[in-house]
Amino acid sequence: MTQTVDGYWPSRWPGEDGGPRRQQIPRTGTGLNIDHNSKLEVVARDVTAATMAVLRDSGEVFILRHTAGDDAISWVERIDPVTLECIERSPDLLGGPTWPGGMAAHANGSLYVIFGNHAHRLNADTSLAQTVALPRLRPYNSFVILPDGNLATKDFAGHRPGQSATPLDPSNSELLILSADNLEIIDRLTLSEPSIARLSAQPTGADSAAIYIVGDTSLLRVQWNGTALSFDSEFVAPYRTLPGQTYGWDAVITQPAAWFLDNGAGSENYAGSYRGVGVSTAPLHLVRVDLNTGVATLSEICGLPNGVVANPPVVDESRQIAVGFDSANGVLTAFDYDSNGATSLRWRRNQYHACHMILFSDTGEIVTAHYDHDRMMEQCVIIDIESGEEKARADLQSPVQSVLFPSPGFSRDFYTCSFTTFSHVTVI
């Protein structure tokens, strides 16, 4: 078994957002190093709902795909890293109610998938080793791998597409720890409120971690000691403090703060893009929660009502810059922040970004997106995080806006996903 410090395979990008802290920073390699002579070459493949790509060894790219509906399935493909053609395909994997799930390359050599209300362990050749049903008939929106190799997951408590008129199930979400060996439930804990966002985690020891959950109203922390879960009752950080403010999405964990974006209500109204679907009357905020004190501070992205997001910000700890966005109002904003978490505006761009990002911290480049509504075309936009200046842009051949996960490639390249298109972008 290959050993790593956090249970993931030792690759450049073994799981969504690069790892459990969701910093969206590649683990190895260098940035794109784009200059005035650089061009972007795009190869695209039409796909049905490719959620993400993860990397294992050199040349090994795996993508997670799924169907739609209340009884959807998922599957994994190993693809050619350049042509994007399928080399190997898993069997159909039992799923359930659709919401984008997750996949990761584990330190033990296996691939794990959680989608719908099922979890799966696959071999590196995409053959299926094990499947288990999860206890609730809800989607489980992905997972994080803990330092001891076990998996943490929870059920999704939000509206799914087309369900905005239906009252939400008020049940609080339940956190599960699954054994990496056999996917059995090791421990479970009902949380103090529902949660829509994906989990984040910060290793605290060789077998322990702090698991962070953005709940409907508060950021919660649960401790895992390698054997059992325990709710950290001394850390409950309310962040919904304004009239018209709605729930937050996935948290980026830094030292010593968690960062996320609020006003997620309306994201279920996605219809090819997020423009015009927001329902929150309060402006959308970059939220910072101090992990020592639990104090939440809010910074407005653009000050406009009816904003919406479904994904996390990017935080560059070395430069002390945080970048958030409002997908409905088409604004991308960067803030400087100090050691106390106070923020000040650094730059702002008009840009319809909605997906996760990639931060190349060595070069200060961030991979963002822009949806051109007039041409119905998703574009990648590489931005200098310090100046906000655009370094390069290219069409991705996707007719819908991406709300999913990009990933780096093995060199000066990266991959993007949408519900219709999988694209490979290379700097030449």
Residue in the stretch 284-296 that is part of a loop (DSSP other than H, G, I, E, B) and within 30 Å of residue 409 (Cβ to Cβ) present
no
Among the residues of the stretch 181-202, write down those that are crowded, with 16+ Cβ neighbours inside 10 Å, of a type in the set (A, V, I, L, M, F, W, C) and on the phi < 0 side of the Ramachandran plot.
186, 189, 191, 196, 197, 199, 201
Scan of the stretch 375-395 for residues that are within 27 Å of residue 21 (Cβ to Cβ) and assigned to a loop (DSSP other than H, G, I, E, B), ordered by number:
385, 386, 387, 388
Output for the stretch 167-198, where each listed residue is under 19 Å from residue 270 (Cα atoms) and touching a His at 6+ places or on another chain (Cβ under 7 Å):
168
Would you mention how many residues in the stretch 20-45 are under 22 Å from residue 113 (Cα atoms), out of contact with any Leu (no Cβ under 8 Å at 6 or more places or on another chain) and touching a residue at least 60 places away in the same chain (Cβ under 8 Å)?
3
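Would you mind finding the one in 410, 405 that is in contact with a His (Cβ under 7 Å, 6 or more places away or on another chain), assigned to a loop (DSSP other than H, G, I, E, B) and aromatic (Phe, Trp, Tyr)?
None of the others qualify; the one that does is 405.
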Write out, first by first residue and then by second, each pair whose Cβ atoms fall under 8 Å of each other, whose residues are 6+ apart or on separate chains, and whose first residue, in the stretch 100-117, is closer than 17 Å to residue 184 by Cα while the second is of a type in the set (Asp, Glu) and in a strand (DSSP E or B).
117/155
So in the stretch 242-277, with the set limited to residues that are crowded, with 21+ Cβ neighbours inside 10 Å and of a type in the set (S, T, N, Q), which one is farthest from the chain's Cα centre (by Cα)?
245
So for the stretch 203-224 (the condition being crowded, with 17+ Cβ neighbours inside 10 Å, β-branched (Val, Ile, Thr), touching an Asp or Glu at 6+ places or on another chain (Cβ under 7 Å) and over 29 Å from residue 369 (Cβ atoms)), does at least one residue qualify?
yes
Subset of the stretch 340-386 that is without any contact (Cβ under 8 Å) to a residue 12 or more places away in the chain and of a type in the set (S, T, N, Q) - its residue that is nearest to residue 406 (Cα to Cα)
344
Complete set of residues in the stretch 37-47 that are exposed (fewer than 12 other Cβ atoms within 10 Å of the Cβ) and either among the basic types (Lys, Arg) or at pLDDT below 95 (or both)
39
When residues of the stretch 146-174 are limited to those that are among the polar types (S, T, N, Q) and under 19 Å from the mean Cα position of the chain (by Cα), the one surrounded by the fewest Cβ atoms within 10 Å (Cβ to Cβ)
153
Cβ pairs under 6 Å, 6+ apart or interchain, first in the stretch 122-135 and at positive phi, second surrounded by 13 or more Cβ atoms within 10 Å (Cβ to Cβ) and in a loop (DSSP other than H, G, I, E, B), ordered by first then second residue, are 126/90
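Here is a yes/no grid of residues against (1) modelled with pLDDT under 95; (2) under 18 Å from residue 404 (Cα atoms); (3) in a strand (DSSP E or B):
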{"position": "54", "(1), (2), (3)": "no, yes, yes"}
{"position": "57", "(1), (2), (3)": "no, no, no"}
{"position": "63", "(1), (2), (3)": "no, yes, yes"}
{"position": "100", "(1), (2), (3)": "no, yes, no"}
{"position": "104", "(1), (2), (3)": "no, yes, yes"}
{"position": "130", "(1), (2), (3)": "no, no, yes"}
Exactly one of 262, 290, 250 is of a type outside the set (S, T, N, Q) and in contact with a helix residue (DSSP H, G or I) (Cβ under 8 Å, 6 or more places away or on another chain), and that residue is 250
Test set (1) surrounded by fewer than 21 Cβ atoms within 10 Å (Cβ to Cβ); (2) of a type in the set (Val, Ile, Thr); (3) over 19 Å from residue 16 (Cβ atoms); (4) touching an Asp or Glu at 6+ places or on another chain (Cβ under 8 Å) - residue 421 fails condition number
(3)
At pLDDT 95 or above, of a type in the set (Gly, Ala, Ser) and under 28 Å from residue 92 (Cα atoms): is that true of residue 162 in this structure?
no
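The values are calculated or read from the model by the stated rules, or taken from the named source; none is laboratory data. Since the structure is predicted, the reported quantities are computational estimates derived from the model, not experimental observations. Because the Cβ atoms are built from the backbone with ideal geometry, glycine has one as well, and the counts that use them run over all protein chains shown.
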